[in-house]
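Undergrad: Have a look at this one before I ask anything.
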Amino acid sequence: MTDAPRAARGLWRRFADAWYRVLCALMVIALVTLLLPVSLQILSRHTELIPSYIWTEELARLMFIWTVMIGAMVGMRERTHFVVDVWPTLSPRANAGVELLSGLGILVFAGVFLYGGWEFTEFAIYRISELAELPLWTIHMAWPLLGLTWLLFQGEHMIDMLRVLRSAEHAGN
């Protein structure tokens, strides 16, 4: 292997690692931020301490969507999303082949989320929510970002599986 592909692979891996760490931090922030409007809703419904705020429902929905989407992105990197164990214990080469085959399906899903999500976001670019007046593209942007992140993480995994296949082929020769 020449230095150029190895350097590119290292750059991709470093970027994916950094993006994963950012996503983990964002997931914590999104979850903590989700607690604020939900807590305000609970307090306003069951006590007379604060008035009933309507905008909290929209903010809670926005943060819930982002928390779920970021969780799906993190799950893809950790190989816990889209994983169903139906095969018996396979050899490393056979497992890599199955992972590559199922990975193609994941890439299709990622492409659908990226393309469809982009159109979904374009539809909302100049729209705002009714109550909190949040720009709707901030909610809709989660879908294409999810697709792009899945492409990044699944591509990284598929390269690893191709390496396993190649090393098994070289070991057999």
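Undergrad: Which one of Trp19, Val98, Phe64 is farthest out on the positive end of the charge dipole of the chain, using unit charges on Cβ (Lys, Arg +1; Asp, Glu -1) and the Cα centre as origin?
TA: Val98
Undergrad: Any idea what the dipole of the range 114-173 comes to, in debye rounded to 20, about its Cα centre with Lys/Arg Cβ at +1 and Asp/Glu Cβ at -1?
TA: Here the size comes out at about 220 debye.
Undergrad: Using unit Cβ charges (K, R positive; D, E negative) and no other charged atoms, how large, in debye to the nearest 20, is the dipole of the range 33-161 about its Cα centre?
TA: So the dipole magnitude of the range 33-161 works out to roughly 200 debye.
Undergrad: Testing the spin-label approximation: label points 7 Å from Cα along Cα→Cβ at Tyr126 and Leu31. State their distance in nm.
TA: Label at Tyr126, label at Leu31, 4.0 nm between them.
Undergrad: Let me ask something else about it. Report, in degrees rounded to the nearest 10, the 0 to 90 angle that the Cα long axis of helix 142-172 makes with the longest principal axis of the chain.
TA: Between the helix axis and the principal axis of the chain, the angle is about 20 degrees.
Undergrad: Something else about it: Quick one: work out Rg over Rh on the C-alpha atoms of the range 3-172, Rh as Kirkwood radius. Please report the intermediate quantities before stating the final value.
TA: Values: Rg = 20.6 Å, Rh = 18.6 Å.
Checking Rg against Rh, the ratio lands at 1.11.
Undergrad: Given Cα pairs under 8 Å that are at least 6 residues apart, what percent is the relative contact order of the range 3-172? Please report the intermediate quantities before stating the final value.
TA: Numbers: 157 pairs, mean separation 41.2, N = 170.
Relative contact order, the range 3-172: 24 percent.
Readers should treat all values here as calculations from the given coordinates under stated rules, not as data from a laboratory. Just so it is clear, the structure is predicted and the values come from calculations on it, not from any experiment. So basically every Cβ, Gly included, is an ideal-geometry build from the backbone, and we count neighbours across all protein chains shown.
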